[in-house]
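First comes the structure, then the notes that go with it.
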Amino acid sequence: MRLPFFIITIDTEGDNLWTQHRRIATENARYLQRFQALCERFAFKPVYLTNFEMANDPVFQAFGRDVLRNGTGEIGTHVHAWNNPPLAPLTDDDDHHQPYLIEYPDAMMREKFLVTHRLLEDTFQTPMVSHRAGRWAFDSRYAKLLAEYSYHSDCSVTPGISWCATKGAPDGQGGADYRAFPRHAYFLDLDHIERVGHSTLLEVPMTTRLKHGALINVAKNAVARWRGKPGASSVVWLRPRGGNVVAMQKLATRVLAEPGADYLEFMLHSSEFMPGGSPTFQTAAHIEKLYADLETLFSWLATRCQGATLEEYYRIKSQGR
């Protein structure tokens, strides 16, 4: 019997973007080798979903080429619309509001996507086939764009979560609502991305689940609506937040017990491996605790899962169609 797959996704982007810098640094590229070495020790293969500024960083370029040459990971695409050329203001302050790519007109959406897509392919001399949307904002237009450029997989869906209350453009509709989306991998209906379809684009949703049962979540959603934060259900992620190893293990156990479950998807941001690169891991001591937690989690998962990139997982799912 084949072990389920453990897919590690890293949103590979500039330093501490939560602070909405006008000048974005990429110092965190120098901190990725330690994480890569940890993954390799457990035969796990990270997918570095890479945005424009990191694709231009010489340190990351050398790192990424080494990963690809050794077959120990994958490079994919990740677009942050507000600072990704061509720069065309959508709001009065795009650096502050960080509008979603899906809020731009079709032509500009395509141009911005293609700049990073082509930059990555030219830099790493390999086709880009895996993708995650910036700020988790995905829709049918975006899915069709990925299919047009022969992408194999997307991992933007966060089951159980609505981002509608999280604004990009102040006068926009907010982010995507994934509360009614499948929780396991499925080939998309490009016109209705919440449905299973017959396209060649595989959606690999993030491992997120509601913390509570249906009745409690109904009550929590009612409170959230009263507070003006619709869709703010309590959700647990397969994502380190500092000291949450047990919660991640419980989530993994729960998900792998679900019918049809054949993978777990972990995520973190590249800047979270650098002291001061995120609100969560601000000091060297925080980083050491993060690595201790990762050691515990990866050691625990190593007997329960096998490592795979998004592309490797896609190939296996394609064989079963």
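Readers should treat all values here as calculations from the given coordinates under stated rules, not as data from a laboratory. Note that the structure is predicted; figures quoted are calculated from it, not measured. Glycine gets a Cβ as well: all are built from the backbone with ideal geometry, and neighbour counts include every protein chain shown.
Got a sec? Charge dipole of the range 5-319, +1 on Cβ for Lys and Arg, -1 for Asp and Glu; which of Phe113, Leu238, Tyr314 is way out at the positive end?
Farthest towards the positive end: Leu238.
Over the alpha carbons of the chain, what is the largest minus smallest coordinate on each principal axis, giving the biggest first in Å?
50, 50, 45
Tell me, how many Å apart are the Cα centres for the range 249-273 and for the range 142-208?
Value for the Cα centre distance between the two parts: 18 Å.
Stretched out fully, how many nm does the piece from Asn56 to Tyr291 gain, at 0.36 nm a residue minus the Cα gap?
Stretched out fully, the Asn56 to Tyr291 stretch lengthens by 81.9 nm.
Could you line up Thr303, Thr280, Thr208, Thr91 from fewest to most neighbouring Cβ atoms inside 10 Å?
Going from sparsest to densest Cβ surroundings: Thr303, Thr280, Thr91, Thr208.
Calculate the dipole size of the chain relative to its Cα centre from +1 charges on Lys and Arg beta carbons and -1 charges on Asp and Glu beta carbons; express the result in debye to the nearest 20.
My answer is approximately 1160 debye.
Order of Ile7, Ile102 from fewest to most other C-beta atoms within 10 Å?
Result, fewest neighbours first: Ile102, Ile7.
Quick check for the chain: number of Lys pairs with alpha-carbon distance under 25 Å, counting only pairs 8 or more apart or on different chains?
17
I'd like the antiparallel share, as a percent to the nearest 5, of DSSP beta bridges with both residues in the chain.
Roughly 25 percent of the beta bridges in the chain run antiparallel, per DSSP.
Quick check: residue separation of Ala147 and Asp95 times 0.36 nm, minus the Cα distance between them. What number comes out in nm?
15.8 nm
Could you work out the percent of alpha carbon pairs in the range 1-160 separated by over 23 Å, rounded to a whole number?
That tail contains 37 percent of the Cα-Cα pairs.
Neighbouring Cβ atoms within 10 Å as the yardstick, rank Arg132, Arg254 fewest first.
So the ranking, lowest neighbour count to highest, is Arg254, Arg132.
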